[in-house]
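Reading through the structure tokens given below for one structure.
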Amino acid sequence: MWYITGDIHGNIQRIESFSSKTSDPIIILGDCGFNYYGSKRDELLKEMASELPNTILCIKGNHEIHPDQLDFYKTKEWNGAEVYYEDKYPNILFAKDGEIYEIDGKKVFVIGGAYSVDKDYRIARGWKWFPSEQPSHETKMKCLKTLDKAGWKVDIVLSHTAPLKAEPRHLFLSFIDQRKVDKTTEEFLDEISDKLSFEKWYFGHYHGDWQTVIDGKHYEMLFEGIKEL
């Protein structure tokens with residue numbers, strides 16, 4: 001059985017608590033924190049996670065450098081598509097954007113990344129920010145090609161941010177001027193959601209647990225909650 005949760009931002013306690021109850025695999029919907037600092041701190045976190053009995057599948061977030069930008073990641077075929085992995089930490093996998101995985105008998109399409117509303121704040125303080133945080137044009141074209149091949153039908157979609165129509169506006173930070181937020185990723189996900197047939201769309205990013213149905217399609221945001229896929 002597969003489980004799914006939202007952003008952990010390097011706080012491994014939620015996954016450790018989960019692993020004390022089951023060795024079943026778990027998906028983190030981005031901002032895992034395994035590749036944020038680019039230092040020994042990342043290594044320590046991955047060492048802790050590698051000791052757990054669970055396979056951990058990570059979606060790319062916006063508070064971490066993506067594996068395709070790091071030369072120590074390799075790729076391999078896993079559940080019908082490609083993932084990124086490190087030899088030292090074989091149970092920690094990163095999904096590759098635009099792939100469709102066979103997970104628990106379901107076709108699962110993945111597209112990570114998002115814009116950081118705290119970008120200027122981080123840069124001003126010398127904190128990490130990554131220009132590759134949003135899907136590139138090439139990644140978007142790959143997504144469209146993959147879905148064309150699949151006949152625009154999957155069971156589940158996993159993303160970090162939400163389609164524009166499913167944004168949890170009640171969780172928007174009051175001090176952020178939304179007119180200055182780059183919504184190109186959300187707009188692209190909107191285009192996909194309009195055309196794609198799916199049972200459930202899961203996302204994280206906004207730090208809340210919430211769900212909605214729009215035009216008969218079910219979207220669910222996860223943060224601290226852990227549920228069956």
Grab the alpha carbons of the stretch 1-92, take their convex hull, and tell me the volume per residue in Å³.
91
Within the chain: Cβ-based charge dipole about Cα centre, in debye rounded to nearest 20 (Lys, Arg +1; Asp, Glu -1):
220
Which percent of Cα-Cα pairs in the stretch 108-208 sits in each 10 Å bin, short to long?
13, 46, 29, 11, 1
If contacts are Cα pairs under 8 angstrom and at least 6 residues apart, what is the relative contact order of the stretch 40-125 in percent?
28
Compute the label zone of Asp177 within the stretch 103-136: residues whose backbone N is under 14 Å from the point 7 Å along Cα-to-Cβ.
120
Label-point separation, His9 to Asp120 (7 Å along Cα→Cβ), nm
2.0
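Using only the alpha carbon atoms of the stretch 1-41, find the Kirkwood hydrodynamic radius as the inverse mean reciprocal pair distance, in angstroms to one decimal.
Here the Kirkwood hydrodynamic radius works out to 11.0 Å.
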Counting only helical runs of four or more DSSP H residues, what would the 222 nm mean residue ellipticity of the chain come to if each run contributes -39,500 (n - 2.57) and the total is spread over all its residues?
-6000 deg cm²/dmol
Quick one: which residues, 5 or more positions from Tyr37 or on another chain, have an amide H under 5 Å from its amide H? H modelled 1.01 Å from N in the peptide plane, none for Pro or chain starts.
Asp42
Rel. contact order, % - alpha carbon contacts under 8 angstrom, at least six apart, the chain:
22
With a 10 Å cut-off between alpha carbons and a GNM built on the chain, which of Leu29, Leu158, Leu189 moves the most?
Leu189
Under a no-solvent Debye model with one identical scatterer per Cα of the stretch 169-225, what's log10 I(q)/I(0) at q = 0.14, 0.20, 0.25, 0.27 Å⁻¹?
-0.46, -0.91, -1.21, -1.26
Does anything in the stretch 1-24 have its amide N under 15 Å from the 7 Å Cα→Cβ label point of Lys227, and if so which residues?
2-7
re the chain: pairs of Cα atoms spaced beyond 26 Å account for a percent value of 32
Can you give me the long-range amide H partners of Glu99? Hydrogens built in the peptide plane at 1.01 Å from N, cutoff under 5 Å, separation of 5 or more residues or another chain.
Val110
Filter Lys119/Lys227; Lys107/Lys180; Lys21/Lys46 down to the pairs with a C-alpha to C-alpha distance above 28 Å, please.
Lys119/Lys227; Lys107/Lys180
Which value, in Å to one decimal place, does the Kirkwood hydrodynamic radius take for the stretch 30-69 when every pair of different Cα atoms is included?
10.6
Mean shadow area (nm²) of the C-alpha convex hull around the stretch 63-141 is 6.5
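No value in this document is a laboratory result; all are computed from the given coordinates. What you are looking at is a predicted structure, and each value in this text was computed from that prediction instead of being measured. Reconstructed Cβ throughout: ideal geometry from the backbone, glycine too, with neighbour counts over all protein chains shown.
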